[in-house]
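Student: Can you read through this structure? Questions will come right after.
The values are calculated or read from the model by the stated rules, or taken from the named source; none is laboratory data. Keep in mind that this is a model prediction, so the values were computed, not measured. Every residue, glycine among them, receives a Cβ derived from its backbone with ideal geometry; neighbour counts consider all protein chains shown.
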Amino acid sequence: MEVMREVHEHVARHRLRLSVWLADTDGNAPDALQALRERSVDGLIYTAAVDQMPELEADISAGAPIVLMGRTIRGIPTDTVSGANVQGGRRVAEYLLENGRRDVALVGGRAFSPGREIEQGFRQRLESLGSPLADKRIIYGDLTYRSGEHALEQLWNGKKKPDAIFCVNDLVAYGVLDAARKMKIRIPEDLWVVGYNNITMSEWAAYDLTTVQLPIAPMAEISVELLLRRIDGEQAPTPRRRRVEGALLVRGSTAHAPAVPSTK
């Protein structure tokens, strides 16, 4: 909802109208693409969480004005606006190690580009700081609430329990936090939990989740600007890639330890 609200706001500034289509479970939005082909709409901002989509690639190759927001899709040469996810993953690694966490785990997902980028930055920074992430400390899933619950059960039943878990989205972190309550694991005394995205529920008292804020407003503004350039016929020799840096928001799931800039 936040993405749609921000895109709508920036579209309205240009006296244009926003139409919204919901993608199906595999990311396809045939009605949206058909509307573009029939000139019922002038362009598309595509936000579905998929990693490959041949139909979309065909329209882009034919010159259709399409911008990807929030992710990249392999093999599709079009303008893309996303969070600086590698940098976000690095920042979380720094924060955890700077505040004494040593047995860190990751709940990730390789099926979509942000998850891979977040993991890349997180693992690289842990290794560069002398605390490489062991493969047994990584749980991959479908990035749902249930996958967070199952991930904590797996990690907590191991020989050595983690003292911090980094989840590549907030929904997974909610599953970890609720499972911790059921298992009588104290947050943050026994376990720190960090998410990614800062969706609305993360600031609720029930979760009070430390997380990386995805910069939705500037991403929406840049996406609309790039799309309007394409609609106006502007040609770029190569696709434009924009990465927007987010911020680490520290809350109660990590004991409110300060997020200070790294000096390492």
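Student: Any residue at all in the stretch 184-192 that is among the acidic types (Asp, Glu) and more than 30 Å from ALA62 (Cβ to Cβ)?
Tutor: Checking the stretch 184-192: at least one residue is among the acidic types (Asp, Glu) and more than 30 Å from ALA62 (Cβ to Cβ).
Student: Residue check: is ARG229 among the basic types (Lys, Arg) and touching a strand residue (DSSP E or B) at 6+ places or on another chain (Cβ under 6 Å)?
Tutor: No, not satisfied.
Student: In the set ALA217, ALA257, ALA179, which member is among the small types (Gly, Ala, Ser) and modelled with pLDDT of 95 or more?
Tutor: Only one candidate passes the filter, namely ALA179.
Student: Any idea which residue in the stretch 198-251 is nearest to GLY63 (Cα to Cα), counting only those that are free of Cβ contacts under 8 Å to residues at least 60 places away in the same chain and of a type in the set (Gly, Ala, Ser)?
Tutor: In this case the residue turns out to be GLY233.
Residue-by-condition table, conditions (1) under 24 Å from HIS8 (Cβ atoms); (2) outside any helix (DSSP H, G or I); (3) not β-branched (Val, Ile, Thr):
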{"residue": "ARG186", "(1), (2), (3)": "no, yes, yes"}
{"residue": "VAL193", "(1), (2), (3)": "no, yes, no"}
{"residue": "ALA205", "(1), (2), (3)": "no, yes, yes"}
{"residue": "VAL212", "(1), (2), (3)": "no, yes, no"}
{"residue": "ALA220", "(1), (2), (3)": "yes, no, yes"}
{"residue": "SER223", "(1), (2), (3)": "yes, no, yes"}
{"residue": "PRO237", "(1), (2), (3)": "no, yes, yes"}
{"residue": "ARG242", "(1), (2), (3)": "yes, yes, yes"}
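Student: For the stretch 104-135, enumerate the residues that are over 13 Å from ARG90 (Cα atoms) and of a type in the set (Ser, Thr, Tyr).
Tutor: SER113
Student: I'd like to check which helices (runs of 4 or more DSSP H) are fully inside the stretch 89-184 and have at least 3 residues that are touching a strand residue (DSSP E or B) at 6+ places or on another chain (Cβ under 6 Å), touching a residue at least 40 places away in the same chain (Cβ under 8 Å) and closer than 23 Å to TRP204 by Cβ.
Tutor: 170-182
Student: In this structure, does SER113 turn out to be of a type outside the set (A, V, I, L, M, F, W, C) and either farther than 30 Å from LYS161 by Cα or at pLDDT 85 or above (or both)?
Tutor: no
Student: Go through the stretch 1-30 and count every residue that is at pLDDT 75 or above and part of a helix (DSSP H, G or I).
Tutor: Going through the stretch 1-30 one residue at a time, the tally reaches 12.
Student: Which of the numbered conditions does PRO162 fail, given that it passes all the others? Conditions: (1) at negative phi; (2) under 20 Å from the mean Cα position of the chain (by Cα).
Tutor: Answer for PRO162: the failing condition is (2).
Student: Which residue is modelled with the lowest pLDDT, if the candidates are limited to the stretch 75-110 and must be more than 13 Å from the chain's Cα centre (by Cα) and of a type in the set (S, T, N, Q)?
Tutor: THR78
Student: So, one more: Looking at the stretch 83-119 only, could you name the residues that are surrounded by fewer than 22 Cβ atoms within 10 Å (Cβ to Cβ) and of a type in the set (Ser, Thr, Tyr)?
Tutor: Residue satisfying the conditions is SER113 alone.
Student: Any residue at all in the stretch 66-74 that is surrounded by 21 or more Cβ atoms within 10 Å (Cβ to Cβ), closer than 24 Å to LEU227 by Cα and assigned by the TED database to the domain that holds VAL168?
Tutor: no
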